[in-house]
Amino acid sequence: QVQLVESGGGLVQAGGSLRLSCAASGRIIRINTMGWYRQAPGNLRGLVAAITDGGSTNYADSVKGRFTISRDNAKNTVYLQMMSLKPEDTAVYYCNAEMVLRVGSRLRGYWGQGTQVTVSS
């Protein structure tokens, strides 16, 4: 059974920083793109940042220059360093990973359980 376990969320004041981690565990053949999404109350879940297995990155315009995504392929872990946090960054942050779990099976997206990030003004 594959799991994506997130950690690092919490409460921080505006201007502060947080670092999120997401580790994939279980029987995994390959991980392609890993990413972070967020969902605030009343909003749809949207992409924050993504990183391919080759290290190419993509960011939402609202976080460019403030957030940095990285990954450790040896540990099947993706990170999101969040700086200069704003109240509008408050949301549940979800990890996503595109993975192949068995030889010959298709690439599929898997989600973590989510971690709350709250930024106070």
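We did not get these values from a lab; they are worked out from the coordinates using the rules stated. From a predicted model like this one, the values you see are computed outputs, not experimental measurements. With ideal geometry, Cβ positions are generated from the backbone for all residues, glycine too; neighbour counts draw on all protein chains shown.
Worth a mention:
- Residue in region 1-41 that is surrounded by the fewest Cβ atoms within 10 Å (Cβ to Cβ), counting only those that are small (Gly, Ala, Ser) and in contact with a Lys or Arg (Cβ under 7 Å, 6 or more places away or on another chain): Ala14
- Counting the residues of region 72-121 that are over 10 Å from the mean Cα position of the chain (by Cα), hydroxyl-bearing (Ser, Thr, Tyr) and within 23 Å of Gly16 (Cβ to Cβ) gives 5.
- Val119 touching a helix residue (DSSP H, G or I) at 6+ places or on another chain (Cβ under 7 Å) and buried (at least 17 other Cβ atoms within 10 Å of the Cβ): yes
- Checked across region 81-95, the condition of being buried (at least 18 other Cβ atoms within 10 Å of the Cβ), of a type in the set (Asp, Glu) and out of contact with any Cys (no Cβ under 7 Å at 6 or more places or on another chain) holds for at least one residue.
- Any chance Leu44 is of a type in the set (A, V, I, L, M, F, W, C), in a loop (DSSP other than H, G, I, E, B), exposed (fewer than 15 other Cβ atoms within 10 Å of the Cβ) and out of contact with any helix residue (DSSP H, G or I) (no Cβ under 8 Å at 6 or more places or on another chain): yes
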